[in-house]
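Take a look at the structure below.
The values are calculated or read from the model by the stated rules, or taken from the named source; none is laboratory data. Just so it is clear, the structure is predicted and the values come from calculations on it, not from any experiment. Glycine gets a Cβ as well: all are built from the backbone with ideal geometry, and neighbour counts include every protein chain shown.
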Amino acid sequence: MFTEYEVQLRERFLAAPVSPAPAPWHPVFGPAAPAIRIGGLLGIGFARHPETGHDLVMVVSLDGHGLFDAATGARLARDRDPDPGTTDPTGPHLTCPGLGPLTGTPIPIAGLHGGGLHATTDDGWTLDVVSPDWPHHRVLLSTDGGLYHGPAGGDWWHIHHTTHAPLRTFGFSPTGRTLAVATSTDLMVLSRERIRSGADDSPLDGRAGTRPAFGGLPS
């Protein structure tokens with residue numbers, strides 16, 4: 001039996017429309033395509049670029065491993081054929097070997113095999129997943145510690161609704177400057193860093209108006 005409060009909370013979640021995250025959060029892959037397609041996504045992990053200090057997102061999928069700059073959306077490295085035994089996260093910390101600027105560094109990966117990302121930031125942002133219409137998942141971003149008082153759009157936002165594919169993982173980077181939501185078919189990355197470079201507004205494969213699947217990116 002649900003309490004009256006639980007019924008009201010469920011109805012509040014069901015009524016909340018999907019909306020963009022509030023400022024200063026912005027999609028790093030561009031407002032027209034906040035998520036990129038990555039078929040067979042297994043998990044993701046965060047690390048820091050050893051030179052720029054930017055958050056980096058490592059992606060592990062059935063099509064190999066990839067590395068993105070979480071501030072600009074630029075793809076930094078790609079390995080279509082990882083060494084056997086390192087294709088999936090392994091070991092007690094579920095790591096995969098880093099690539100590109102992270103070569104030689106094991107990266108913890110959260111997703112299909114387990115693990116997890118940060119659910120909060122030091123300055124008060126919180127991420128939760130609720131399933132009032134299970135098996136669908138709603139990713140909620142809030143500034144009130146996950147209390148969810150009042151309708152969406154005040155202190156909390158429904159930023160992602162997973163209906164078509166299993167949710168793999170969600171969470172913040174350790175710096176708190178990046179958040180990501182990964183399903184088995186796509187990846188959404190939001191940042192609160194404003195970096196202007198030639199890679200910021202360019203498509204991932206250099207062709208205007210396209211957002212290709214991860215597995216379909218050119219070598």
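Would you confirm whether any residue within the range 68-76 is outside any loop (DSSP other than H, G, I, E, B), modelled with pLDDT of 95 or more, among the hydrophobic types (A, V, I, L, M, F, W, C) and under 19 Å from the mean Cα position of the chain (by Cα)?
Initial filter on the range 68-76 (outside any loop (DSSP other than H, G, I, E, B)): 68-69, 75-76.
Imposing the further condition that a residue be modelled with pLDDT of 95 or more reduces the set to 68-69, 75-76.
Checking which are among the hydrophobic types (A, V, I, L, M, F, W, C) leaves us with 68, 76.
This time we only want the ones that are under 19 Å from the mean Cα position of the chain (by Cα), so: 68, 76.
Yes; the residues of the range 68-76 include at least one that is outside any loop (DSSP other than H, G, I, E, B), modelled with pLDDT of 95 or more, among the hydrophobic types (A, V, I, L, M, F, W, C) and under 19 Å from the mean Cα position of the chain (by Cα).
Selection of the range 108-151 for residues being out of contact with any Gly (no Cβ under 7 Å at 6 or more places or on another chain), among the charged types (D, E, K, R) and within 30 Å of residue 40 (Cβ to Cβ) yields 133, 138.
Residues that are surrounded by fewer than 18 Cβ atoms within 10 Å (Cβ to Cβ), within 14 Å of the chain's Cα centre (by Cα) and assigned to a loop (DSSP other than H, G, I, E, B) within the range 116-139 comprise 116, 119, listed in sequence order.
Go through the residues of the range 152-175 one by one and say whether even a single one is closer than 30 Å to residue 84 by Cβ, in contact with a Gly (Cβ under 8 Å, 6 or more places away or on another chain) and of a type in the set (Gly, Ala, Ser). Within the range 152-175, one or more residues are closer than 30 Å to residue 84 by Cβ, in contact with a Gly (Cβ under 8 Å, 6 or more places away or on another chain) and of a type in the set (Gly, Ala, Ser). Cβ separations smaller than 9 Å between residues 6+ apart or across chains give the following pairs from the range 134-154 residues that are under 14 Å from residue 123 (Cα atoms) and modelled with pLDDT of 95 or more to residues that are polar (S, T, N, Q) and not in a loop (DSSP other than H, G, I, E, B): 141/126; 142/126; 143/126. In the set 19, 61, only one residue is hydroxyl-bearing (Ser, Thr, Tyr) and within 17 Å of residue 160 (Cα to Cα); that residue is 19. Taken over the range 88-100, the criterion of being surrounded by fewer than 23 Cβ atoms within 10 Å (Cβ to Cβ), within 20 Å of the chain's Cα centre (by Cα) and at negative phi is satisfied by 88, 93, 95, 97, 98, 99.
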